[in-house]
Structure formats: C-alpha cells, structure tokens
1. Say each of Phe91 and Thr178 gets a label point 7 Å from the Cα, pointing the same way as Cα to Cβ; how far apart are those two points in nm?
2. Under a point spin-label approximation (7 Å from Cα along Cα-to-Cβ), what is the Thr124-Lys54 distance to one decimal in nm?
3. At a Förster radius of 22 Å, what calculated FRET efficiency corresponds to the Cβ-Cβ distance of Ile33 and Leu145, to the nearest 0.05?
Amino acid sequence: MVHVLFNTSWNGGYHHEAISAAETVVLPSLIGIICSTGLVGNILIVFTIIRTQKKTIPDIYICNLAIADLVHIIGMPFLIHQWVHGGEWVFGSPLCTIITSLDTCNQFTCSAIITVMSLDRHLTLVQPFHLTNLRTRSKTIRVNLSMGSIAYSVFPVWIDSKVIKFKDGLESCAFDLTSPDDVLW
C-alpha cells in the first residue's frame, strides 16, 4: 500500500499535494547511494589520472568529465533534501542560485566535453597523421578550459535560478522563467 504524502507543482501560485512514499523515501535513498558511489569513483578517476606520468589526450577529457561529475554530485544533497521535503527549499536564495546554476552549467560543460571528445576521436581515426599538430595536451587543456568558461558564463541561468515563493507559503528552488501572469493555461 502506498501512502500519499505531498507534492509541489506550479498552478498559478499554489502547490498541490500528491506524492507517494516511494518518491519521498525510496528514490532519494537510491539517488543518495548512487551519488555516494559516484563521488568515490570520480575522485579515484581524478587522482589516478593526475598521478599518471604520461597523460594522453583522452585522459584529459575523461578527467574533466570526472571533475564535472564531482561538481554535480556535490550539489545533489541539497536537491535531494528539497525533494524529500516536498519541494521546500530551506537553504536561502544565494545557495539556491549557486547550486541550480552550477548544476545547469555543468550539464552544458559535460555535453561540450563529450562533443569535443567525440570529434577528437573521429579526427584521430580519419586523419591520424595530418592533424597531429592540433592534437596536443596543451591545446586540449585550453579547449576544455574554454568550454567550461563559456558554459559557466550563461547568464540567464544565473539570473533566473532563485527561490520561488508560492502564495500558500511554499518556497522552492527552481528556474523562474515566467511570471504567473504569463502562463496561458
């Protein structure tokens, strides 16, 4: 038997309650276990690659992906806490902006790293001898730093992530992309 607890969903300023115990207990617990495992695994990857004497270009991409995963995992306890408490954010507006923005920008960074890594692998297979001057460790590091800088400078993400205050008192951390007056349905 599943007991109904509470839920938060946008409806012109009020939240509605209807989340099962599985969504407030079981799923956050599983996500917590997955994040703990990810934390240990990604730390091991970063330290292993850093300690390796001869780092290859794929090593640099993999290390950057592991660092990006660590940034995501560090913010997950805050998001799990909000989820468990029915969408209630208790950590204040500045931390809401930081956690939400870092998480979103981190998704952009991961997508860019995987795209560039795929392009690098493709060029390595298709033109193995013609592009050796483009595929150096220092250029790879510069490309990764540039992608991260561009992804983290997406200003709308930093501006629109905030604590949303509903009319019935619930305060939830999310993107405030529209005002209630702009909602057409």
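1. About 2.8 nm, to one decimal.
2. Result: 1.4 nm between the two label points.
3. 0.10
Every number in this text was worked out from the coordinates using simple rules, so none of it is lab data. Just so we're clear, the structure is a prediction, and the values are computed from it rather than from any experiment. Note that each Cβ is placed from the backbone with ideal geometry, even for glycine, and that neighbours are counted across all protein chains shown.
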